[in-house]
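The values are calculated or read from the model by the stated rules, or taken from the named source; none is laboratory data. Model, not experiment: these values are computed from the prediction. So basically every Cβ, Gly included, is an ideal-geometry build from the backbone, and we count neighbours across all protein chains shown. Protein only, heavy atoms only, side chains kept; ligands, DNA and RNA dropped before computing areas. Shrake-Rupley method; radii C 1.70, N 1.55, O 1.52, S 1.80 Å.
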Amino acid sequence: MAKFVLAELAESHPLVIKIREVLEQATKQKVALIIVDKMIKRGPDQATKKITFSMEEGQTLSFVLRTDGDVVQHFMNNKNIPLVRVMDYDNMTGFMEGLESLALKLKANQDKFNVKRLSARVIIPRTKAPAPTVRKRIEMTRAYLKEQEEILQARRDSLAAKKAELEAIKGAA
């Protein structure tokens, strides 16, 4: 078996591809998104990376891998779940069995997840424009009234012109 190098872990790494295939097969869902986080140092000689698999139904399954390829933590829907089986990179059959058991838990949890997601309320905050001050409202009202006065004066002028035109027509007849 090839030596595991944590720094080379990416979406196209053979381990990630194998995990994706097992998850898709066991859950009967496609993996929509794979996110490999940056390396995090834990102690002087330990580093970890977190891989997150987002399924098409909305659930997520995350693994925290050590430098030797062992899984240290599992997260299902961003909740830490206890390690049931040892997922050691050197023992790939045990690793895959543990992965399948997690995938089956994920599949069994889908109904609860759907109910919880449907019952979640989305609150969209309304953006409130600040209310104008009293002085600003008075200025706006005066500007509006002045505009209306100009419109009325233009109508009066046009009516007066029409009246004069009408009287000229009557006087000529």
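Some points to look at:
Yes/no per residue for (1) in contact (Cβ under 8 Å) with a residue 40 or more places away in the chain; (2) closer than 19 Å to SER62 by Cβ; (3) open to solvent by 100 Å² or more (accessible area, probe 1.4 Å); (4) aliphatic (A, V, I, L, M):
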{"position": "LEU83", "(1), (2), (3), (4)": "no, yes, no, yes"}
{"position": "VAL86", "(1), (2), (3), (4)": "no, yes, yes, yes"}
{"position": "LYS112", "(1), (2), (3), (4)": "no, yes, yes, no"}
{"position": "VAL122", "(1), (2), (3), (4)": "no, no, yes, yes"}
{"position": "GLY171", "(1), (2), (3), (4)": "no, no, no, no"}
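- Annotation note: Cβ proximity below 9 Å between a residue of segment 20-44 that is free of Cβ contacts under 8 Å to residues at least 40 places away in the same chain and open to solvent by 60 Å² or more (accessible area, probe 1.4 Å) and a residue that is in a loop (DSSP other than H, G, I, E, B) and hydrophobic (A, V, I, L, M, F, W, C) (sequence gap 6+ or interchain) occurs for MET39/LEU9.
- Residue match in segment 15-25 (condition: at pLDDT 85 or above, of a type in the set (Lys, Arg) and within 20 Å of LEU104 (Cβ to Cβ)): yes
- Restricting LYS136, LYS116 to those that are under 26 Å from the mean Cα position of the chain (by Cα) and part of a helix (DSSP H, G or I) reduces the list to LYS116.
- For THR127: the one exception among (1) open to solvent by 90 Å² or more (accessible area, probe 1.4 Å); (2) of a type in the set (Val, Ile, Thr); (3) assigned to a helix (DSSP H, G or I): (3)
- Candidate set from segment 45-81 (those that are outside any loop (DSSP other than H, G, I, E, B) and of a type in the set (Gly, Ala, Ser)); member that is most open to solvent (accessible area, probe 1.4 Å): SER54
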